[in-house]
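Heads up, the thing below is written out as structure tokens.
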Amino acid sequence: VFFTVLLSVPFCCIGQTGDREPNFSDSTRIQIAPYGSFRGHIAVLREQAEIQENASRIGFEFSVYKSNIRYFTGVELAINLFRSAQLFNADANTNSGFIKFDETQNLQVFSTRLGYLGADFGEYGILRIGKQWSVYYDITGYTDRFNVFGGQGSATYVASSDGGETGTGRANQALTYRNKIGPLHLGGQLQMRSISNGFLFDGFALSAQLDILQGLKAGVAYNKSYFDDFLIENTLGFGNQPEYLALGVSYNSDHLLLGAVYANHTNGDLTRSVVEEELVAVVFDAKGFELFGKFIQPKYSILAGFNGYFPDVEGLPISDDSKRLFYMIGAEYKPSRFAYLYSEYRFGTGVNSFGVTAPDVFTLGISLDRQRSWEKIL
């Protein structure tokens, strides 16, 4: 129904301009590009099995071209196909809170992943406003390429969220600018989340990437968020405003994808702990490291990687063993352009703030993906 409505009457004659040649100097080109990705798997852990949702989504981008400028808007909605309570894919989170969790989003059939407006000025860069992928993710996305696991060591999806409030993942209420100047890719970001916390801007970020050789690039990103002084003074471990730094390198070719990311943050992540029999929020510092590799063939691919995350728990009511040391291996089989089967296995050491060890997990699933693009000259 979504795509039927989206692609209805106004685009029924796309590509047809009548008997006369169009006057392109006075014309307007419109384009719509809908897409969908539907994913689910069986997860086996602790000698039990569960059918789980895996970040399914639908979306579109609508563009209007005029005077060498592309004006566009984009929307992406998460779909909870199976309403599974547990999610191993960090990217599947759609709650955007940091101190306060907005966990109701994850339980809805539809929830917001992206929503933005923008203008593409060609060689002068691209401006976007709204909920969008952050410039910090320009770097940490080098390794966030697994079907299920990954993204656990780069401080992108902090506080079990989509990184919206902190601006590290799918940033909330953000203004971004990106441009490419020769081999240099630049990004800037401002967040304007609230008018009630005393700050003109609620966060900013910068990123820079350098094309070293064909397919090989290195990058750095810095992100800082601002929260109300009351929250900082009344949240355990929250010593100052959150700051994030990420360094990365990636290599892409037709048959090989490689990525490595190092991240370091102060006051940038949050967990829950028990203090005097009460559940409280605790903010902490941490370092992290991610590796990703993928060998690609026409019908199959092989994946492998590592996520390490090391919180600084000194003086905090968090387990001394709290850390993540996850190893991932996986494979994909592609019987069709629009569908593939995937399997991933995560093993290693993962201990949360309560000292509970994360289990080894095996997944077997399917992904159906489709995207199209239509244009019309008016």
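The values are calculated or read from the model by the stated rules, or taken from the named source; none is laboratory data. Note that the structure is predicted; figures quoted are calculated from it, not measured. Cβ atoms come from the backbone with ideal geometry, glycine included; neighbour counts cover every protein chain shown. Calculation scope for accessible area: heavy atoms of the full protein, side chains included, ligands and nucleic acids excluded. Shrake-Rupley method; radii C 1.70, N 1.55, O 1.52, S 1.80 Å.
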Keeping to segment 133-179, report how many residues are of a type in the set (D, E) and open to solvent by less than 10 Å² (accessible area, probe 1.4 Å). 1
For segment 188-265, which strands (runs of 3 or more DSSP E) that fit wholly inside it have 2 or more residues that are over 22 Å from the mean Cα position of the chain (by Cα)? 203-213
Can you name the residue in segment 319-335 that is among the basic types (K, R) and free of Cβ contacts under 8 Å to residues at least 60 places away in the same chain and, of all such residues, is most open to solvent (accessible area, probe 1.4 Å)? K323
Examine segment 41-62 for a residue that is open to solvent by 60 Å² or more (accessible area, probe 1.4 Å), under 26 Å from G115 (Cβ atoms) and aromatic (F, W, Y), and state whether such a residue exists. yes
Any idea which residue in segment 283-307 is farthest from A263 (Cα to Cα), counting only those that are buried (at least 21 other Cβ atoms within 10 Å of the Cβ) and of a type in the set (A, V, I, L, M)? L303
Only one residue in T168, T176, T143, T156 is assigned to a loop (DSSP other than H, G, I, E, B) and either of a type in the set (A, V, I, L, M, F, W, C) or farther than 27 Å from I296 by Cα (or both). Which one? T168
Which one of A208, A260 is touching a Ser or Thr at 6+ places or on another chain (Cβ under 9 Å) and surrounded by 15 or more Cβ atoms within 10 Å (Cβ to Cβ)? A260
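Residue by residue, here is whether (1) touching a residue at least 60 places away in the same chain (Cβ under 8 Å); (2) not polar (S, T, N, Q) holds:
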| residue | (1), (2) |
| --- | --- |
| S161 | yes, no |
| T176 | no, no |
| L184 | no, yes |
| G187 | no, yes |
Please verify whether segment 232-239 includes one or more residues that are aliphatic (A, V, I, L, M) and either open to solvent by 10 Å² or more (accessible area, probe 1.4 Å) or modelled with pLDDT under 95 (or both). yes
Being out of contact with any Pro (no Cβ under 8 Å at 6 or more places or on another chain) and not in a strand (DSSP E or B): is that true of L325 here? no
Over segment 197-242, the set of residues charged (D, E, K, R) and within 23 Å of Y262 (Cα to Cα) is D211, K217, K224
What tally of residues in segment 77-130 results from selecting those that are of a type in the set (D, E, K, R), open to solvent by 30 Å² or more (accessible area, probe 1.4 Å) and at pLDDT 90 or above? 3
Scan segment 242-249 and tell me whether some residue there is more than 23 Å from V313 (Cβ to Cβ), open to solvent by 60 Å² or more (accessible area, probe 1.4 Å), modelled with pLDDT of 95 or more and touching a helix residue (DSSP H, G or I) at 6+ places or on another chain (Cβ under 9 Å). yes
Condition test on R39, is it basic (K, R) and under 18 Å from Y340 (Cβ atoms)? yes
Which pairs turn up if I take residues in segment 336-351 that are touching a residue at least 40 places away in the same chain (Cβ under 8 Å) and look for partners that are among the polar types (S, T, N, Q) with beta carbon separation below 6 Å, at least 6 apart in sequence or on another chain? Y342/N147; E344/N147; E344/T363
